[in-house]
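Report on the following structure.
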Amino acid sequence: MIEGLGGLVADALAAALPQGFGGFASPAWLLLLVVVALGVGLAARARPAAIRWPALAEARTAGAGSGDLLRWLALGLRTLALVALVLVLARPVTESREVRDRHEGLDMVLVVDASGSMRALDAQVDGQWHTRFDLAREVVARFGKRRVAAGDRVGLVVFGDSAFTQCPLTSDGDLLRAALDRVEPGIAGEATALGDALALAVKRVAPEGEEAGAQGPAAGRLVVLLTDGRANAGAVPSEVAASLAAQLRTRVHTVGIGSRGEVAMAHPNREGAVQFERHDLDPETLELIARSTGGRFFHARASADLEAVYAEIDALERVERPAPPRVSGAPAPEPFLALAGGLLLLELLVARIALRPLP
């Protein structure tokens, strides 16, 4: 709550600060302004020590009383100095925006199957057998790290019984990785809504308002779909989703993970337990989706199999776009310290010279 109140005060002060100041790094300290206000109120009500003077009326008629004005001036200078010191404690920072040159990149959405069949233990990661989802996680992690470093924007769609956007298009590799770490098999249900996931990914990567019907995939627009099974859930058939991708000029690469026949499955509720089930890959549908959108189908059972996917993506045409501006802030307490020092010096001159008490 204190941080929230401090933030409100910081926003109000930031609007009043000279151009070039970006705000405060520790806005909670600004609540000390309340203490300053209370102290000033008490000081204003206090009366300085004095003695009665019979000729006071005559002295005021002759022009006396300037001491009161000077006392208020000294109090005002001290108040402003305390306000400046509170601003120093709140750690003011400068703001600078640097707009980088335009660069080339891709807009890519990675679609990850998180259905129950992804618990199958028939995939290799670093030479050891793991679940299909472990391989999928490895794929997305490598894609994200490599493509973001190359200047691409990468998003993440996860699906099971239904599909949802786990991470929108972003140039932040840490954000993508954090979103991926929260995904586990079964998070969206046990079935495979492949068509729903593909349609959602196409919507995320295609610009709003673009009309369908242009010929050929658009430059810089890509969906990479990773799955291990057949579409058996959802409202959108796979063929309809593939047709939508083709109409919106979105290239789709499909990656099939897993094999045919019964495989060992990690039990969802008992750690270390194994059960045998059959979850066959549907390479025909995946190949059809890829071919109809200008992409390619890849079959991966180990992380090393994905180098062909990387090479294919590297060959795609990039689009030019401006990079987002980098905002950097540096501590800037010096102006407020100088202001506080100057105000205290003036207050000292007023109090010790103009208001110097008679001996």
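Summary table
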read-out	value
Cβ crowding within 10 Å averaged over residues, with 335-348, 79-92 ranked highest first	79-92, 335-348
Under-5 Å amide H pairs with G186, H placed in peptide plane, nonlocal only	S115, G116
Cut-off 13 Å between beta-carbons: net charge of the residues surrounding A179, Lys and Arg +1, Asp and Glu -1	-1
Built amide H within the under 5 Å cut-off of V111, gap 5+	V157, V224, L225, L226
Long-range HN-HN contacts of D152 with modeled amide H, under 5 Å	L106
Residues H253, H130 arranged by fewest to most Cβ contacts within 10 Å	H130, H253
Rounded if a/c under 1.5, otherwise prolate or oblate - the range 141-245, Cα gyration tensor axes	oblate
Residue-by-residue Karplus 3J(HN,Hα) for the range 331-346, coefficients 6.51, -1.76, 1.60, Hz, glycine and proline x	x, 9, x, 4, x, 6, 5, 5, 5, 4, x, x, 5, 5, 5, 5
Highest-first arrangement of 280-287, 107-114, 293-300, where packing means the average Cβ count within 10 Å	107-114, 293-300, 280-287
Summed residue charge, Cβ within 14 Å of R146's Cβ, Lys/Arg positive, Asp/Glu negative	0
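Since every read-out is calculated from the coordinates, none of them should be taken as a lab result. Computed from a predicted model, the values in this text were never measured in an experiment. Here the Cβ is made from the backbone with ideal geometry for all residues, glycine too, and neighbour counts use every protein chain on show.
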